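Inspection log for the structure reproduced underneath, given as structure tokens.
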Amino acid sequence: MRKLYKIYAWLVFAPIMVLSTVFFGAATVLLLFFLPPRQVAILCGKSWARVNSYATPMLVTVIGRENVDPDQSYVIVSNHQSQFDIFVLYGWLNIDFKWVMKQELRKVPVIGVACERLGHIYVDRSNREAALASINAAKQRIVDGSSALFFPEGTRSRDTHMRPFKKG
């Protein structure tokens, strides 16, 4: 079964992931000319995440959503076991949040521009002062129901073990 899924992943899921990322990234950049960033992030981000989750295929059950107030701001912390963390958070959390992500992701075609335009927070991990300035700037964005999302390990775990948290 695992071998069949790997074939499926390369022949079906990977192309869907690439095409949906380009499509929803471009849609994000275009829609930002007409709609507020919060609305675009939820519309495009949620759609992108769900398309890719269903293509995986992956089923998600959320327990406790009634405890999340969409008008409240939160600091969300998640371990980063795989790319599926991103699908679940964007697709099913139902709140507006800004990713805190490494500076290198700004250079990724389509995604970098879309994330920058949405107000996500880039951190230069090689420059302590610049990283702190980014985090301080993030404080200004965590208001009126907008939240910040951190992966404190700073990168995906390659196994099931949690990595040490980055400073900050």
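Brief remarks follow.
- Each of ALA137, PHE13, VAL100 was scored by the projection of its Cα onto the charge dipole of the chain, and the greatest displacement toward the positive side belongs to PHE13; charges sit on the C-beta of Lys, Arg, Asp and Glu.
- Pairwise Cα inverse-distance average, inverted: Kirkwood Rh of the chain (Å): 17.0 Å
- Per-residue accessible area (protein heavy atoms, 1.4 Å probe) orders ILE111, ILE63 as ILE63, ILE111, starting from the largest.
- For ARG141, ARG2, the ranking by accessible surface with the largest value first comes to ARG2, ARG141, using a 1.4 Å probe.
- Zero-based 10 Å bins, Cα pair distances in region 91-146, whole percents: 23, 50, 25, 2
- Evaluating 6.51 cos²θ - 1.76 cosθ + 1.60 at θ = phi - 60° for every residue in region 36-48, the Karplus couplings come out as x, x, 4, 5, 5, 4, 5, 4, 6, x, 5, 4, 4 Hz, glycine and proline recorded as x.
- The label point for LEU4 and the one for VAL18, both projected 7 Å from the Cα toward the Cβ, are 2.5 nm apart.
- Of LYS3/LYS102; LYS6/LYS102; LYS6/LYS46, pairs whose Cα-Cα distance is over 31 Å: LYS3/LYS102
- The reciprocal of the average 1/r between distinct C-alpha atoms defines the Kirkwood hydrodynamic radius, which for region 58-97 equals 11.3 Å.
- Separation of alpha-carbon centers, region 65-134 and region 15-30, rounded to whole Å: 17 Å
- Interchain or long-range residues, amide H under 5 Å from VAL123's placed H: MET101, LYS102, GLN103
The values are calculated or read from the model by the stated rules, or taken from the named source; none is laboratory data. Please read these numbers as outputs of a predicted model, since none were measured by experiment. Methodologically, a virtual Cβ is constructed for each residue, glycine included, from the backbone with ideal geometry; neighbour enumeration extends over all protein chains shown. Just the protein is used for accessible areas: all its heavy atoms, side chains included, with ligands, DNA and RNA removed. Shrake-Rupley method; radii C 1.70, N 1.55, O 1.52, S 1.80 Å.
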